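The values are calculated or read from the model by the stated rules, or taken from the named source; none is laboratory data. Keep in mind the model is a prediction, meaning the values are calculated, not measured. Cβ placement follows ideal geometry from the backbone for every residue including glycine, while neighbour counts extend to all protein chains displayed. The accessibility values were calculated without ligands, DNA or RNA, using every heavy atom of the protein model including side chains. Shrake-Rupley method; radii C 1.70, N 1.55, O 1.52, S 1.80 Å.
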There are 2 protein chains.
Amino acid sequence: MFEMQPVGFVKSAYTDTSQVPKGCGATHQAEGVLEIKSEFEKGLTDIEGFSHLFVLWVFDKVEGYSLLGTPPCDNRPHGVFATRSPFRPCPIGLTVVELIRREGNRLHVRGVDMLDGTPILDIKPYLSSIPEDKLRRGWLAEAEARQK
Amino acid sequence: MFEMQPVGFVKSAYTDTSQVPKGCGATHQAEGVLEIKSEFEKGLTDIEGFSHLFVLWVFDKVEGYSLLGTPPCDNRPHGVFATRSPFRPCPIGLTVVELIRREGNRLHVRGVDMLDGTPILDIKPYLSSIPEDKLRRGWLAEAEARQK
């Protein structure tokens, strides 16, 4: 068992999961703020230079997990590790956001899909991408193709 | 505080951090195995369809953290949230690996930069990339340019 203490919290317009865009082709353009605890502010030094960040956070409203689930984008069940389901054995969320600007310990970002008050575990710079032509997207590509 | 229980462990040829490639332009081509606990194997259903995976894991050998640090790739200090430093307030690592094949509860992958025995917290499918022309890479791009 590992104990993880949040380094900050998300300020988001979403207060209920029903408000977060879901399903095939859902895009996340919502703006929000990553508010880092002031004791950790120095850890943000030079973060302004990065256009995109990984945010690791906790699905703190979720109880329990499910190894198989049917995602909003499909009508067939898939393993939890092959989806972004919130019902995970280790309830950690991962979101890529665009950094708009920094104000002290507050990062204004675009692409928030977390609820207001979500605990943030870590922030990392997004350094490189897998080229699109090398990506295979499994059941998701198939589900998207069926819905066309 | 959140308690996180590993869902599996990494099998890697690296037994000491000195063996892991570091510094500007370091590439990770090492193969390894993500061994998921058998009780969670069903959660891997359909993961074979994805070419790349996010692996969230614990820097379990690291004690304490440092809000500013000088990365192997640079001679100037940067904030921990602007680097991949292991000395993080919440010691979680994030690695993108290429999935070679699955054998039951074992995922054979390429791109391992973890030590043997590293606890895995979560695995997620890599679904899309930020286009290279939209990425800014801050101090890292500057450090790379200085070394040319």
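Separation of the alpha carbons by more than 20 angstrom is noted, of A:K22/A:K134; A:K124/B:K134; A:K22/B:K124, for A:K22/A:K134. Distance to the A-onto-B rotation axis is smallest for one chain A Cβ; residue and value in angstrom are A:S129, 2.
Interface size, chains A and B: roughly 5900 Å² of accessible area buried, both sides included, 1.4 Å probe, rounded to the nearest 100.
Here the relative contact order of region B:1-49, from alpha carbon pairs under 8 Å that lie six or more residues apart, stands at 46 percent. Taking a ≥ b ≥ c as the square roots of the eigenvalues of the Cα gyration tensor, an a/c ratio below 1.5 marks the protein assembly as shown as rounded. The value of relative contact order for chain B, using C-alpha pairs under 8 Å at least six residues apart, is 36 percent. Net charge of the neighbourhood of A:V10, taken over other residues with C-beta under 12 Å away and scored Lys/Arg +1, Asp/Glu -1, is -3.
Accessible surface of chain B, 1.4 Å probe: 49 percent of it comes from carbon and sulfur atoms. Close amide H partners of B:H78, meaning residues 5 or more places away or on another chain with modelled amide H under 5 Å apart, are B:G69, B:T70. Using Cα centres only, tell me the gap between region B:47-64 and region B:98-118 in whole Å. Taking the Cα centre of region B:98-118 as reference, the centre of region B:47-64 is 9 Å away.
Accessible surface calculations at 1.4 Å, restricted to protein heavy atoms, place region B:58-107 at 47 Å² per residue. Checking the a/c ratio against 1.5 first, then a/b against b/c, what shape does the Cα gyration tensor give for region B:33-148? The shape class here is oblate.
Keeping all protein chains in place and using 1.4 angstrom, which order do A:D122, B:D133, B:D113, A:D60 fall into by accessible surface area, from largest down?
Greatest to least solvent exposure: B:D133, A:D60, B:D113, A:D122.
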